[in-house]
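Since the structure comes first, as structure tokens, the remarks are kept for the end.
The values are calculated or read from the model by the stated rules, or taken from the named source; none is laboratory data. These numbers were taken from a predicted model, which means no experiment stands behind them. Every residue, glycine among them, receives a Cβ derived from its backbone with ideal geometry; neighbour counts consider all protein chains shown. Calculation scope for accessible area: heavy atoms of the full protein, side chains included, ligands and nucleic acids excluded. Shrake-Rupley method; radii C 1.70, N 1.55, O 1.52, S 1.80 Å.
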Amino acid sequence: MSVFSAAADIYRRTRKPNDIFWNRFVARPLAAVVVVPLARTGITPNQVTFATLPVFLAGAAVLAMLPSWGALVGGAAIIELSYVLDCADGQLARLKGTSSPVGAHLDFLMDEIKAFALVAAIAIRLWMPAHDPRWLLEGLAGLAVVASAISLTTFVRRPEYAAATGAVVSKGTGDYGEGFAQAAPARRSPLALAEALGRFIVHYPSHIWLIALVNRVDLFLHAYLVMNAAYAARAFLYRAVVGAQAMKAIIVAAGRGRRLGTETDEIPKCMVKVGGRAILHWQLDALAAAGVDDVVIVRGYLGDRIVGPAGPGPKLRFIDNPEWASNNILTSLFYAEAEMRDGFLFSYSDIVFAHEHARRVAAAAAPVALIVDRRWRDAYEGRTLHPVSEAELARVAGDGDAATVTRVGKRLVAAEEAAGEFTGLARFAPAGAAALRAVWADALTRGLDAPFGAAATLRQAYLSDGLNAVAERGVALGAVLVDGGWREIDTEQDLASAELVVDAWRS
């Protein structure tokens, strides 16, 4: 196989599905040529990442210290070479199957240093001819702006910040990153065009060669600083707004609930009354106590008969699942995929739970948090119509705030090794919601009738199948451990049992 054939094969195997124009048609094809000989050596992707820095600094030094137009073009060319190597490290990692979050963060660190060096080099180049101090002042301001933008990016990736504000926490989405999320549909609006222009300006490898050719690095410096300042300002404002917003909940209420007998002949399961109130109304009270003011209900069977309680409460919105009779919870949930982006609380439609459960899961720090009942056996005493084999038992590692669910689902965890039962109440932070959406998108490529998790088909998958797939990608499923304080109402027997305890959860 020739070098170019081998490079073409590597490019196909290691490219990102969603990439910018310069990367797709210039940088990554060139990087694939570099990867061909590297793949036959013991050189690691991290070593290539480190090598990009001295190459970049050499280009920045040529650009800063040599005043000629030729030196400017030469410096830009060396910087572009550094960027080709920057692409090669990720492609080598994906080719060898050694991608890791650490590699992604190392890649980001190198990019930070390069951004500082580029601003400083251009400021020095502009200052050199006449020693005009305004260029040095703009360079210093630029370093402060870029540092602020980079620090903000690092800050909002912290899981602690996600817990407080709903910020998306990246697992490591640099050039090493795997499982790239599908791009959002293109928006045609003035704001979208402005954002696209901003991304183009900030991604200097796409155009620094053109800036060098026309000898206008002054315009680049102005634009680069303005766009970084705009990014930092918008991100701060956005986080302030998101942090002040109440939460959204999604309730899947599409199924009929045949095991409740005549109770669901004329109303859907969530409208069955327990303790004199509809199951849904109990849920809405508890969710409101946790700060939820927007509830999306995925409805199916007799969905037009789902109504909220009289008086104040969360706003209800509805999404129809027209195929409710032939699909299951996970598929039903994804009829509301457009509502997931900023995170959400999730609930099955046939559970009642204490207000405190909703408050605790809403405040959990993990990307995905599940309410897990340690006293689950109590609810199965005399429960003959819904045996333990149907419990979504959870295996848990660690304890306290560090407790995580490692596996969950019906007949997937033995009773003797279960720490508790997943109640059906959960919270997906933006990062957790993104991970679940990525799992769904990947599964859809194989079709709704292909096996998924423990389910015979994706169409019939439970939420637990999606949760286990998320955990397999390294996303933490936090376990919020409780002791009772809830009931599932799946049968007439369950309904009678819930009647005895539900009044205790009114506050």
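What are the residues in the stretch 98-116 that are buried (at least 19 other Cβ atoms within 10 Å of the Cβ) and closer than 11 Å to Pro45 by Cα, if any? Result: Ser99, Gly103, Ala104, Leu106, Asp107. Of all residues in the stretch 13-37, those satisfying the criterion of being open to solvent by 30 Å² or more (accessible area, probe 1.4 Å) and among the aliphatic types (A, V, I, L, M) are Ile20, Val26, Leu30, Val33, Val34.
Could you tell me whether Leu197 is modelled with pLDDT of 95 or more and assigned to a helix (DSSP H, G or I)?
Against the criterion (modelled with pLDDT of 95 or more and assigned to a helix (DSSP H, G or I)), Leu197 does not qualify.
Within the stretch 407-459, the only residue that satisfies the criterion of being in contact (Cβ under 8 Å) with a residue 40 or more places away in the chain, over 22 Å from Arg473 (Cβ atoms) and open to solvent by 50 Å² or more (accessible area, probe 1.4 Å) is Arg411. Taking the stretch 460-478 as the range and being hydroxyl-bearing (Ser, Thr, Tyr) and either open to solvent by 20 Å² or more (accessible area, probe 1.4 Å) or touching a Cys at 6+ places or on another chain (Cβ under 9 Å) (or both) as the test, only Tyr462 passes. Total residues in the stretch 21-49 satisfying the condition of being under 28 Å from the mean Cα position of the chain (by Cα) and more than 13 Å from Gln91 (Cα to Cα): the figure is 3.
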